[in-house]
Amino acid sequence: MYKAHHLVFSLNIILIAAILSYPESFSVFKDLSTENQNILQICCTWGKSLDDGVLTFYANDSQHLVNDNLVKKPFEQWSSKLGTVNFVEAKNASGADVLISFNEMGEQTVGQTTNVLNDKGFIKRVNIRISVNFSEAKLAEDTIKIVLTHEIGHALGLGHSNFHDLMNPIVNYQNKVITNCEIEAVFVANNWKLVENLKQSKKPELPIEKTVDCGSD
Ligand SMILES: [Zn+2]
């Protein structure tokens with residue numbers, strides 16, 4: 001019964017949303033930490049682009065708002081923790097699996113990730129938008145780095161968490177460290193490639209699980 005319920009839920013996602021969007025903000029609209037369990041949502045699963053274990057990224061920063069390292073470091077952190085996903089910089093925007101653009105909008109939203117899904121419900125492209133300022137004030141480099149690390153979590157298939165970790169939707173609540181639970185969730189989301197494919201070649205497959213229990217702290 002439990003499994004059947006989750007299966008129906010994931011089919012609904014495919015039918016309703018070809019695009020999934022995650023806005024982040026500094027505004028505290030809801031304290032999610034009151035739940036008993038520490039839960040991390042699983043959002044999406046990569047399709048064929050991940051078949052070679054490589055995802056390409058490109059930073060569109062024509063105004064030179066951030067330095068190169070600030071973009072590369074978060075990708076390197078995810079790569080080294082996952083061990084089985086390689087992020088490689090693309091030569092141009094059109095060929096990139098993950099496109100990051102920086103702006104100075106200064107709105108209430110500092111980061112936004114849009115996962116574009118194909119007709120089978122798998123991620124085919126990800127767009128990340130980051131504002132380097134918030135309500136007129138320029139963000140600290142460290143903050144921009146945490147926001148980007150969080151957005152890459154979405155790009156890897158993660159949703160939001162209800163406790164104080166990297167995937168909390170509220171920027172002030174985010175932890176800058178990528179935890180084992182987040183790594184486990186990326187493996188669950190992309191199980192067909194990151195777990196199953198190590199044994200034998202498999203086609204993209206959506207996971208039954210929609211959340212990962214991260215235990216209590
Ligand atoms: Zn988010």
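Here are a few things to note about the model shown:
- Condition check for Val126: within 16 Å of the ligand (Cβ to nearest atom), over 14 Å from the mean Cα position of the chain (by Cα), within 24 Å of Leu65 (Cα to Cα) and outside any helix (DSSP H, G or I): no
- Qualifying residue in the range 130-137 (condition: away from the ligand (no atom under 16 Å from the Cβ), modelled with pLDDT of 90 or more and not in a strand (DSSP E or B)): yes
- For the range 106-119, the condition of being among the β-branched types (Val, Ile, Thr), within 13 Å of Asn60 (Cβ to Cβ) and not in a helix (DSSP H, G or I) holds for none of the residues.
- Residue check, Ser101 touching a strand residue (DSSP E or B) at 6+ places or on another chain (Cβ under 8 Å), within 16 Å of the ligand (Cβ to nearest atom), in contact (Cβ under 8 Å) with a residue 24 or more places away in the chain and among the small types (Gly, Ala, Ser): no
Here is a yes/no grid of residues against (1) crowded, with 16+ Cβ neighbours inside 10 Å; (2) part of a loop (DSSP other than H, G, I, E, B):
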position: His150; (1), (2): yes, no
position: His160; (1), (2): yes, no
position: Lys176; (1), (2): no, yes
position: Ala185; (1), (2): yes, no
position: Leu206; (1), (2): yes, yes
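- When the range 169-183 is filtered for residues that are modelled with pLDDT of 95 or more and either aliphatic (A, V, I, L, M) or within 14 Å of the ligand (Cβ to nearest atom) (or both), the ones remaining, listed by number, are Ile178, Glu182, Ile183.
- Filter result for Leu166 (within 12 Å of the ligand (Cβ to nearest atom), in contact with a helix residue (DSSP H, G or I) (Cβ under 8 Å, 6 or more places away or on another chain) and free of Cβ contacts under 8 Å to residues at least 60 places away in the same chain): yes
- Taking the criterion of being crowded, with 19+ Cβ neighbours inside 10 Å and of a type outside the set (A, V, I, L, M, F, W, C), the only residue of the range 80-109 that qualifies is Asp97.
- Selection from the range 25-63 of residues that are modelled with pLDDT under 75 and charged (D, E, K, R): Lys30, Asp31, Glu35
The values are calculated or read from the model by the stated rules, or taken from the named source; none is laboratory data. Bear in mind that the values here come from a model prediction, so they are computed numbers and not experimental data. Ideal geometry is used to build each Cβ from the backbone, glycine not excepted, and the neighbour counts take in all protein chains shown.
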